[in-house]
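Visitor: The structure follows.
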Amino acid sequence: MRPILMKGHERPLTFLKYNRDGDLLFSCAKDHTPTVWFADNGERLGTYRGHNGAVWCCDVSRDSTRLITGSADQSAKLWDVQSGAQLFTFSFDSPARAVDFSVGDKLAVITTDPFMGLTSAIHVKRIASDPDDQVGESVLVLKGPQGRINRAVWGPLNKTIISAGEDAVVRIWDTETGKLLQENDKEIGHKKTITSLAKSTDCSHFLTGSLDKSAKLWDIRSLTLIKTYVTERPVNAVAMSPLLNHVVLGGGQDASAVTTTDHRAGKFEAKFYDKVLQEEIGGVKGHFGPINALAFNPDGKSFSSGGEDGYVRLHHFDPDYFKIPSI
């Protein structure tokens, strides 16, 4: 499995997202410029220029026409995927962190960081089908918990929003009323910041990764803890195979702690676990720094990782991978 090395970012990667068809891969980094690549050969198609801060997150509409990005420049932007044109800018009073289109792409959830006395918040925006009709007002604003919300995604049928972040608690919110419906049981939950969250293809469960060196699998409706995957370093990114019972965890030390990397060169690996048995089944090395982003192609036949080293590594699985025994 020879990886394709994709060099286009000047700074560490923050997020990776495939479109629904799995032919395009979108990458975000601290260098202000989201980029789109061909997902099969890693060729760079283009960039989206307009942010002037780190870009933390992105999502692409179901029909691959719109891209939404959240940035430290206190804005979230809508883009035309094909032309790279900016369609609209949502402005905030603090950095925009997580973005996610609803099923049907009529709504988007955007989280903003705590900043200068403001608490974190979750904003729901209506997305107009015609960019000329787009407005900036929020349909709903939820005042968030203490600390940053690192991820917020839509629950089944857009009826809920699931959020997780610095206070290590997973919360489920009602999108009609804005009420907090559930919080995970503190006893079984993460002990440190939740860095990442990935939903299953059928939206029945989701995976969270945390600096407490573990990832946890939750039921999306009841918030029951299903599985826990334990690793030996902080988890910055998680992904779930849409094809096999595999979960992938990526991480490493915090960026500020990376001082002695010489003896670990290329040793930062994406670890594969059996989703059911919770056992490690393999790893893919290669990054020269912590892995900050992971994504599976929707066809399950390839995955990509984004590192603190500024590289995106695209891995097409060998046929042997699909023969790994699974229950």
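Visitor: Please return the ranges of strands (runs of 3 or more DSSP E) entirely within segment 1-119 where 2 or more residues are within 23 Å of T175 (Cβ to Cβ) and among the aromatic types (F, W, Y). Full working, then the answer.
Guide: Values: elements: 4-7, 13-18, 24-29, 35-38, 44-47, 55-60, 66-71, 75-80, 86-91, 96-101, 107-112.
Fully inside segment 1-119 and qualifying: 86-91.
Visitor: Also: Please enumerate the residues belonging to segment 33-47 that are out of contact with any Cys (no Cβ under 9 Å at 6 or more places or on another chain) and crowded, with 22+ Cβ neighbours inside 10 Å.
Guide: Passing the criteria: V36, W37, A39.
Visitor: Looking only at segment 270-327, which residues are among the aliphatic types (A, V, I, L, M) and open to solvent by 70 Å² or more (accessible area, probe 1.4 Å)?
Guide: Hits for segment 270-327 are L277, I327.
Visitor: Output the qualifying pairs, or none if there are none: Cβ atoms under 6 angstrom, residues six or more apart or on different chains, first residue in segment 269-296 and at pLDDT below 95, second residue of a type in the set (G, A, S) and open to solvent by 20 Å² or more (accessible area, probe 1.4 Å).
Guide: E269/G283; F288/A265
Visitor: Pick from D219, D185: which is modelled with pLDDT under 95 and surrounded by fewer than 15 Cβ atoms within 10 Å (Cβ to Cβ)?
Guide: D185
Visitor: When the residues of segment 77-130 are narrowed to those that are at positive phi and in contact (Cβ under 8 Å) with a residue 24 or more places away in the chain, which ends up surrounded by the fewest Cβ atoms within 10 Å (Cβ to Cβ)?
Guide: Of everything passing the filter in segment 77-130, G104 is surrounded by the fewest Cβ atoms within 10 Å (Cβ to Cβ).
Visitor: Only residues in segment 149-175 that are open to solvent by less than 10 Å² (accessible area, probe 1.4 Å) count as the first member; pair them with residues that are of a type in the set (A, V, I, L, M) and outside any strand (DSSP E or B), Cβ under 8 angstrom, at least 6 apart or cross-chain, and list the lot.
Guide: Close Cβ pairs satisfying both conditions: W154/V103; G155/I220; I162/V170; I162/I220; S163/V170; A164/V170; V170/L223; I172/L223.
Visitor: Pick from T195, T208: which is touching a Pro at 6+ places or on another chain (Cβ under 8 Å) and within 30 Å of G300 (Cα to Cα)?
Guide: T195
Visitor: Would you please name the residue that is nearest to L211 (Cα to Cα), looking only at residues in segment 155-183 that are among the hydroxyl-bearing types (S, T, Y) and in contact with a strand residue (DSSP E or B) (Cβ under 8 Å, 6 or more places away or on another chain)?
Guide: Checked segment 155-183; the qualifying residue nearest to L211 (Cα to Cα) is S163.
The values are calculated or read from the model by the stated rules, or taken from the named source; none is laboratory data. Remember, predicted model here, so these are calculated numbers, not experimental data. Cβ sites come from the backbone with ideal geometry, for glycine too, and all protein chains shown count toward neighbours. To get the accessible areas, we keep the full protein, side chains included, count just its heavy atoms, and leave off ligands, DNA and RNA. Shrake-Rupley method; radii C 1.70, N 1.55, O 1.52, S 1.80 Å.
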